[in-house]
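Here's the structure we're looking at; comments come further down.
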Amino acid sequence: MTSGKRVLIVDDEAPIREMIAVALEMAGYECLEADSAQSAHPMIVDSLPDMILLDWMMPGISGIEFARRLRKDEMTSDIPIIMLTAKTDEDNKIQGLETGIDDYITKPFSPRELVARLKTVLRRTTPKGIEEPITVDGLTLDPVSHRVSSELKPLELGPTEFRLLQFFMTHQDRAYTRSQLLDLVWGGNVYVEERTVDVHIRRLRKALGERHDYLIQTVRGTGYRFSSQAA
């Protein structure tokens, strides 16, 4: 049973990352690993994890400084962060919480405690309604299991196509420009060109097949809209 939630573990010590990854994967989470803030940032931009576990003391950019940067960026400001640290000083905890992190776990910790705290933070930070499956004309998207099906038959979608479809299904009957879709689905990542949207729309239509590709409509001179009504 997988939770469908993706967790990025950022810690410069490989044995700690491995111990956390084993515990989280056994609890049904998908794990990504990075050994520094510098290597973590592109992974966050590409995969927008549901949670970041962040070590405080790292060479280069410290965890607390990295958390500050993530909170200032609109694209990453809402991703829950749990700080992992050997610091037990109350002032450090206050500093961490004032930066906007969601929880704070002092090393050494048990894997069971970590999983329990992670579940609590995710429950608190997941907006209501975002976990409910959505169905339109026999097409169903389940955000919790990260599955899409057509008339109960599973469809294969890449992570970007899944996010794009989830956005469309929760924002129906409204036309969006390519630029708006980049901001709202990709998070305004400046390295992505507008024509990238067209590529992913094409992939999404192909994945939906003839039964449902009509739902993604091209709006001339504007962009795209998701609607079960004829264009």
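Overview of values
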{"read-out": "Debye log10 I(q)/I(0) for region 18-86, one point scatterer per Cα, at q = 0.14 Å⁻¹", "value": "-0.41"}
{"read-out": "Exposure ranking of ARG112, ARG17 by accessible area [1.4 Å probe, largest first]", "value": "ARG112, ARG17"}
{"read-out": "Antiparallel DSSP beta bridges within the chain, as percent of all bridges there, nearest 5", "value": "50"}
{"read-out": "Efficiency of FRET between ARG203 and MET57 - r from beta-carbon atoms, R0 41 angstrom, step 0.05", "value": "0.50"}
{"read-out": "The chain, Rg to Rh (Cα coordinates; Rh as Kirkwood inverse mean 1/r)", "value": "1.01"}
{"read-out": "Per residue value of the accessible surface for region 98-231 (all protein chains in place, 1.4 Å probe), Å²", "value": "59"}
{"read-out": "Crossing angle, helix 195-212 versus the chain [Cα axis fit, 0-90 degrees, rounded to tens]", "value": "60"}
{"read-out": "Spin-label model distance (nm) - LYS107 vs ARG71, 7 Å beyond Cα toward Cβ", "value": "2.2"}
{"read-out": "Dipole magnitude of the chain about its Cα centre (Cβ charges: Lys, Arg +1; Asp, Glu -1), debye to nearest 20", "value": "720"}
{"read-out": "Among ALA27, ALA67, ALA116, residue whose mean-square fluctuation peaks in a GNM of the chain (springs only between Cα atoms under 10 Å)", "value": "ALA116"}
{"read-out": "Estimated FRET transfer efficiency when R0 is 22 angstrom, pair ARG147-MET26 (beta carbons, to 0.05)", "value": "0.55"}
{"read-out": "Value of relative contact order over region 9-53, rounded to a whole percent, pairs C-alpha under 8 Å and six or more apart", "value": "46"}
{"read-out": "Order by protection proxy (mean Cβ within 10 Å, highest first), peptides 219-228, 98-107", "value": "98-107, 219-228"}
{"read-out": "Label point distance in nm, THR222-GLU210, each placed 7 Å from Cα along Cα→Cβ", "value": "2.9"}
{"read-out": "Two-site label geometry, ASP137 and HIS171: point separation in nm, points 7 Å out along Cα→Cβ", "value": "2.0"}
{"read-out": "Percent accessible area from carbon and sulfur atoms, the chain, protein chains only, probe 1.4 Å", "value": "50"}
{"read-out": "Fraction of alpha-carbon pairs over 18 Å apart in region 133-195 - percent", "value": "39"}
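The values are calculated or read from the model by the stated rules, or taken from the named source; none is laboratory data. As the structure is a computational prediction, the values presented were derived from the model and not from experiment. Please note: Cβ atoms are built from the backbone with ideal geometry, for glycine as well, and neighbour counts cover all protein chains shown. The area values use the complete protein model at the heavy-atom level, side chains included, leaving out ligands, DNA and RNA. Shrake-Rupley method; radii C 1.70, N 1.55, O 1.52, S 1.80 Å.
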